[in-house]
Amino acid sequence: MDLYSRKELLAAAALALAALAIGLPLGIPGWALFAVATVGLVYQHRDLRKFVRWAKNPLRRPKFANEGLQQASRSLRRSLKQARRRTREALRQTSHFRGLTAALPDAAILVDPQGNIVNFNNASVLLLHLNREDTGNHLGTLLRHPEAIRLLEQQTPDATAEFSSPFVEGQRLELRRVPVAKDQDLILARDVTHLNRLLSMRQDFVANVSHELRTPLTIIVGYLEVIEDEELDDATLRQLVRKLASPTHRMQTLVDDLLVLTRLESSPTPEPSDLAAVDVKQLVDGVVEDLAGLAGKRHRINQRMSCDLRLLGIEKELHSACSNLIANAIKYSPQGGNVNVSWTDCGDNGAVLEVCDDGVGIAPEHLSRLTERFYRVDRAGGRVRGGTGLGLAIVKHVLMRHNSQLQIESEVGKGSRFYCHFRPGQLQAQHSG
Ligand code: ADP
């Protein structure tokens, strides 16, 4: 692109010739040329001033007499417009990224190929304690863990790393590296403490169930081998088959309790329409009758059912909870022990269901863990007494589903008190049912 077009050059040459044609006969050709050049310069100067004004806002449409200036400014305006469009698009994408990552519950950090922080979302502030001054710093150095550094510097083929948080004790963090652009990776970080705990609970659970089943199974297999291998008379055979009953019953009880617990854990919270007005006195009578075999004549079961209110609940579940509490009171108290069951009206505070015994009692350090599955104070003793280790876990879930919770008071050698409150809204007077 030339500064002057052909037309302009021709016009300038024509003007110069015209000046000479006028100036020569008058004997002043120099002055004539000078006058034409001055007019040209003034003309150019006007264009230059216009250009300076336009350059302050080059997105306006240019309008210059000089063809070269006009074309140059037009192409400059075009490039500027394109650059502006590209910047707008980049900004739109950045704010889109911010919007997306801000909604993420996990920390999201954009890093360059060296692992230096480019951008990060709000969750990163909470989880990784990042702040604006950290932009440009190496994420691995801030996290102060070799696993994190290896992942960020791509020294490992793995796309994830798990390590203990340097900020919160006991918290486990998982980092995941996701390539998002040629020179940028997204690092997603999340708190996996709860997930790890669930995983280890599941492993413990499977190990516990296998262990509980193995003992009775080993006994059954032992007896079956004897029956198979040896010539036995009828009486011995019958005696051996009778011995199979106890381990078989134990396995059955364990599987039954597991099914009850699984059902309780996986069922949705009961709707008001699922609830019936349960007569607690009748319920306890039924449980005591069922447990007559377990109590025998060795325990006295005393009922103090002074409350006439009915409990809005699921009868089968409440039966199971009562049965576990009373069975435990019998199992963990010596011969001649007293088991007291009471249902007491507490006026505005609702009503309390309580099972007390004067048995072996429980040391304080065990109390908070008793409702965990398979937790036993005395592992071997619990099994000998015929427990599955799931009874109190079942009670806990039943009560949770009835807006209540199990409370325990106990003293070693003196006895235990298991009780729970039900709110007035869950109780109903006898006659209104
Ligand atoms: P288990 O089938 O072993 O009885 P539970 O879940 O019912 O399992 O109870 C857990 C543990 O709590 C028992 O192993 C026992 O150590 C303790 N426990 C429960 N009830 C009583 C009680 N009434 N007196 C003393 N210890 C009890």
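The values are calculated or read from the model by the stated rules, or taken from the named source; none is laboratory data. Not measured: the values here are computed from a predicted model. All Cβ positions, glycine included, derive from the backbone under ideal geometry; neighbour counts span all protein chains shown. Accessible surface areas use protein heavy atoms only, side chains included; no ligands, DNA or RNA. Shrake-Rupley method; radii C 1.70, N 1.55, O 1.52, S 1.80 Å.
Given the structure, is D358 more than 31 Å from the chain's Cα centre (by Cα), open to solvent by 60 Å² or more (accessible area, probe 1.4 Å) and within 13 Å of the ligand (Cβ to nearest atom)? Answer is yes for this residue. Tell me yes or no: at least one residue of the stretch 210-227 is open to solvent by less than 70 Å² (accessible area, probe 1.4 Å), assigned to a helix (DSSP H, G or I), in contact (Cβ under 8 Å) with a residue 24 or more places away in the chain and polar (S, T, N, Q). Scanning the stretch 210-227 turns up at least one residue that is open to solvent by less than 70 Å² (accessible area, probe 1.4 Å), assigned to a helix (DSSP H, G or I), in contact (Cβ under 8 Å) with a residue 24 or more places away in the chain and polar (S, T, N, Q).
Just one residue in the set A351, A363 is under 38 Å from the mean Cα position of the chain (by Cα) and away from the ligand (no atom under 15 Å from the Cβ); that residue is A351. Among the criteria (1) away from the ligand (no atom under 15 Å from the Cβ); (2) modelled with pLDDT under 95; (3) of a type in the set (A, V, I, L, M, F, W, C), the one I301 does not fulfil is (1).
In the stretch 420-427, the condition of being surrounded by fewer than 19 Cβ atoms within 10 Å (Cβ to Cβ) and within 11 Å of the ligand (Cβ to nearest atom) is met by no residue. Per the conditions (1) of a type outside the set (K, R); (2) within 20 Å of T253 (Cβ to Cβ); (3) more than 15 Å from the ligand (Cβ to nearest atom); (4) crowded, with 20+ Cβ neighbours inside 10 Å, the sole criterion not satisfied by G391 is (3). Per the listing D191, D290, the residue uniquely surrounded by 15 or more Cβ atoms within 10 Å (Cβ to Cβ), in contact with a helix residue (DSSP H, G or I) (Cβ under 9 Å, 6 or more places away or on another chain) and of a type outside the set (V, I, T) is D191.
Among the residues of the stretch 327-339, is any hydroxyl-bearing (S, T, Y), closer than 26 Å to R214 by Cα, within 12 Å of the ligand (Cβ to nearest atom) and buried (at least 17 other Cβ atoms within 10 Å of the Cβ)?
Going residue by residue through the stretch 327-339, those that are hydroxyl-bearing (S, T, Y) are 332-333.
Next cut, closer than 26 Å to R214 by Cα only: 332.
Cutting the leftovers down to within 12 Å of the ligand (Cβ to nearest atom) gives us 332.
Now restrict to residues that are buried (at least 17 other Cβ atoms within 10 Å of the Cβ): 332.
Yes, there is a match, as at least one residue in the stretch 327-339 is hydroxyl-bearing (S, T, Y), closer than 26 Å to R214 by Cα, within 12 Å of the ligand (Cβ to nearest atom) and buried (at least 17 other Cβ atoms within 10 Å of the Cβ).
The residues of the stretch 267-287 that are of a type outside the set (G, A, S), surrounded by fewer than 16 Cβ atoms within 10 Å (Cβ to Cβ) and more than 18 Å from N324 (Cα to Cα), listed by number, are P268, T269, P270, E271, P272, D274.
Yes or no: the stretch 315-323 includes at least one residue that is in contact with a strand residue (DSSP E or B) (Cβ under 9 Å, 6 or more places away or on another chain), of a type outside the set (F, W, Y), surrounded by fewer than 18 Cβ atoms within 10 Å (Cβ to Cβ) and in contact (Cβ under 8 Å) with a residue 40 or more places away in the chain. No: zero hits.
A single entry from V42, V36 fulfils the requirement of being within 16 Å of A12 (Cα to Cα) and open to solvent by less than 50 Å² (accessible area, probe 1.4 Å): V36. At least 2 residues being of a type in the set (D, E, K, R) is the threshold, and among the helices (runs of 4 or more DSSP H) wholly inside the stretch 86-181 those reaching it are 146-152.
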